[in-house]
Amino acid sequence: MKKVAILISGRGSNMQALCQAAQNTKTAYEVCGIVSDHSQAAGLEWAHEHGFFAKAIERKEYANKIDFEKALHDQLKILNADYICLAGFMRLLSSAFVNRWQGKILNIHPSLLPSFKGLAPQKQALESGVRISGCTVHFVSAKMDDGPIIAQVAVPVLPMDSEHDLSQRILQAEHEIYERALTAVCLDKVIWNRDSSISIETNFSEQLHGFRAS
Ligand code: GRF
């Protein structure tokens with residue numbers, strides 16, 4: 001069974017979904033720890049209360065990004081992490097860090113990448129007038145919200161949607177797809193090839209895309 005560490009910065013609802021799936025159902029991974037770059041992150045408290053190893057490594061405690069990422073890397077090694085899931089982790093990791101964990105870091109983003117990278121993607125979707133948005137799980141490369149796509153779920157943008165409405169609808173889809181994408185990766189059903197493409201085992205393909213109407 002693969003060991004997965006989850007990095008958060010805030011609420012941590014995706015982290016909870018990954019942790020609960022690992023506790024309630026037979027998954028291909030176990031959660032070995034949760035690390036936040038904010039000691040006040042609500043998700044840390046939830047993780048403590050539910051018996052997970054949970055720790056803050058605050059950026060402001062370190063002189064520079066290199067030292068911060070070294071502390072993060074050391075902690076992930078102590079946890080014996082095979083994979084790292086970014087779940088609302090609001091910090092861009094350096095290429096040095098990403099290269100050390102090449103193919104081992106996953107992220108979830110609330111848009112159908114490559115559309116609407118960066119901050120407030122749900123607002124970007126509303127402002128653009130698209131009728132469909134969604135969420136994406138992808139391997140992390142050194143560029144923001146970039147890297148090979150593992151899984152996507154399409155979610156409708158409804159006429160009267162506020163940013164909150166759309167975010168909530170997408171979030172429901174996020175909670176389902178992140179666990180499925182992570183499981184497929186942990187079972188080696190998704191491989192990041194050297195030419196940067198990815199191969200997905202046919203049997204698993206259906207589980208890695210979908211449409212969530214409400
Ligand atoms: C999610 O929408 C995720 O896709 C994005 O940040 C948000 C984090 O929410 N990267 P939560 O902390 O998982 O509730």
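Nothing in this text is a laboratory measurement; each read-out follows from the coordinates by a stated rule. These numbers come from a predicted model, not from an experiment. Cβ: placed from backbone, ideal geometry, glycine included. Neighbour counts: every protein chain shown.
Among Glu201, Glu69, Glu176, the largest mean-square fluctuation in a Gaussian network model of the chain (Cα springs under 10 Å) belongs to Glu201. Treat segment 7-130 as a sphere of radius equal to its Kirkwood radius over Cα pairs and apply Stokes-Einstein at 10 °C in a medium of 1.306 mPa s; give the translational diffusion coefficient in µm²/s, rounded to a whole number. Approximately 102 µm²/s, per Stokes-Einstein.
Given their separation in residues at 0.36 nm each and the Cα-Cα distance between them, Ser39 and Gln172 gain 45.3 nm when the chain is fully extended. Positive-end ranking of Gly129, Leu79, Ala63 along the dipole of segment 50-143, with charges on Cβ about the Cα centre, is headed by Gly129. Charge dipole of segment 26-110 (Cα centre as origin; +1 on each Lys and Arg Cβ, -1 on each Asp and Glu Cβ, all else neutral): 280 debye, rounded to the nearest 20.
For the chain, modelled as a GNM whose springs connect Cα atoms under 10 angstrom apart, the maximal fluctuation among Ser115, Ser141, Ser36 occurs at Ser115. Packing around the peptides 131-137, 57-63, taken as the average count of other Cβ atoms within 10 Å per residue, puts them in this order, highest first: 131-137, 57-63.
Measuring spread by the Cα atoms of the chain yields a radius of gyration and Dmax of 16.6, 49 Å. Rounded to the nearest 20, the size of the Cβ-charge dipole of segment 153-208 about its Cα centre is 180 debye, with Lys and Arg at +1 and Asp and Glu at -1.
Where only DSSP H runs of four or more residues are counted, the chain gives -10500 deg cm²/dmol as its mean residue ellipticity at 222 nm, each run worth -39500 (n - 2.57).
Among His175, His38, His164, the largest mean-square fluctuation in a Gaussian network model of the chain, built with springs joining Cα atoms closer than 10 Å, belongs to His164.
Taking a sphere under 12 Å around the Cβ of Lys65 and counting the other residues whose Cβ falls inside, with K and R at +1 and D and E at -1, yields a net charge of +1. Charge tally for Asp82 (other residues, Cβ to Cβ under 13 Å; Lys, Arg +1; Asp, Glu -1): +2.
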